[in-house]
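> Handing you this structure, nothing more for now.
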Amino acid sequence: MSKPQDEIAIKVEHLTKSFKIPLESSNGLKQKLINTIKGRKGYRTFTPLNDISFEIKKGEFFGIVGRNGSGKSTLLKSIAGIYTIESGKVSVNGTLVPFIERGVGFNAELTGRENVYLNGALLGFSNSEMAAMYDEIVDFAELHDFMEERLKNYSSGMQVRLAFSIAIRAKGDVLLLDEVLAVGDAAFQQKCYDYFEELKRENRTIVLVTHSMEAVKRFCSSALLLENGNIKLIGTPEEVADQYIVDNIQKSNKKTTNSDAEIESKYIDLLEGSIDKVELNREQSLLLNLTYKLKKEINPMVGMSIISAGRSIAELNSIKTGLSSELGKMHKVEMSIPMNMFNPGLYSVNISIFKKETRELIDYKLDVGSFVVEGNDQSRGGVIYLPTNWKQHND
């Protein structure tokens, strides 16, 4: 049902966005002439968004999720006016502040300090206003020792932190955020979470594109799931986040043929998991207990996905452990994973059971628990630690 017009922050109506992708180089006049004579278009049409329609209410924290290539960023750029719209309509009620591209408004040859003032000017701030906000921006970005360095020497994570720290100073009616949690350490992500809580208290209208289902469930009031340029689902954060995770489980198992209805309680009477430890250092191990009861005689394979910021960073299974089934018997499985490969941060776990012979997904349970890996070693970036050997060869 359509909302009253004065309650709408963003309205997207039958939006279709296409791009022409060149098939071969035709920069020369001769090649263009040959293509024209032979009737070659010289390009293919790619449509990342196909007849998209939805509304976002004022004060909503609205999530947009989907697998890579589903059209999320194209949708956000269309709302922001970065992409022209050839079909459909996008209406924004109020001022809009986009945080979409890391490099937009930055000059790689200027220092971090100079880029703060440049970016602030693009957002409409005066020099004196930026001077008053400068210390807060640097504190939030945690870049005190790098502000006199040229931006080209910054890592991608440092650039995102600086750009985001500037963007959140602009007090627009609608804030568009694209993958702000994808780059940055656990401390910066926690700052983003704290800021999201502040935005919710202020009833600001936020549109967040993310792969973090934790963020969707924690902050969003409603969400949208895109799949191949189409809206697959609009619903509560829990509905959309769970469907996204299920889609990823099924996509990772290409031989899966079951529908959701077939999966539900067809083979498994009980599927429960628990994590014994919630805070670990890298000298400890994670223990996961899994209990299930089989309705039918199958040879099961137990799988576990470790999730960080909404993305699976490890897929583990019992295929080499020799697990077997006994009809009607309760099965208990304990998995132990050493933590020395994990960097500090927050992780969660999904579990699933497959037919061992066919890899057919027969049941799953999302978010059976979460755990924190302790530590603050700044020399270990990313999520997983890979030990390497370095050698220096002097000429």
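> Can you tell me which of 334-347, 120-133 comes out highest on packing, and rank the rest after it, using the mean Cβ neighbours within 10 Å?
Top to bottom by mean Cβ count within 10 Å: 334-347, 120-133.
> Moving on to the next point. How large is the accessible surface per residue of region 101-240, computed with a 1.4 Å probe and reported in Å² as a whole number?
44 Å²
> In addition: Using the alpha carbons of region 83-203, what is the convex hull volume per residue in cubic angstrom, as a whole number?
Convex hull of Cα atoms, per residue: 124 Å³.
> Something else now. Once neighbouring chains are kept in place and the probe is 1.4 Å, which whole percent of the accessible area of region 200-247 is contributed by carbon and sulfur?
46 percent
> Roll a 1.4 Å probe over the protein heavy atoms and report the accessible area of His331 in Å², nearest 10.
Number for this one is 20 Å².
> Which distance in Å, rounded to a whole number, links the C-alpha centroids of region 133-155 and region 273-305?
Centre-to-centre distance over Cα atoms comes out at 43 Å.
> How large is the charge dipole for region 107-159, taken about the Cα centre, if only the Cβ atoms of Lys, Arg (+1) and Asp, Glu (-1) carry charge, to the nearest 20 debye?
240 debye
> Same structure again: Would you work out what percent of the accessible area of region 115-197, with all protein chains in place, is carbon or sulfur (probe 1.4 Å)?
Ligands and nucleic acids excluded, carbon and sulfur give 49 percent.
> Using a Förster radius of 51 Å, what is the FRET efficiency between Asp135 and Arg44 based on their Cβ-Cβ separation? Nearest 0.05, please.
That gives a FRET efficiency of 0.50.
> Beyond 15 Å, what percent of the Cα pairs of region 82-154 remain?
64 percent
> Beyond 24 Å between alpha-carbons counts as too far, so tell me which of Lys57/Lys89; Lys58/Lys217; Lys217/Lys293; Lys17/Lys232 fall in that bin.
Cα-Cα > 24 Å for Lys217/Lys293; rest within.
The values are calculated or read from the model by the stated rules, or taken from the named source; none is laboratory data. What you see is a predicted model; the values in this text were computed from it and never measured. We place every Cβ from the backbone using ideal geometry, glycine too, and count neighbours over all the protein chains shown. What goes into the accessible areas is simple: the full protein's heavy atoms, side chains included, and nothing from ligands, DNA or RNA. Shrake-Rupley method; radii C 1.70, N 1.55, O 1.52, S 1.80 Å.
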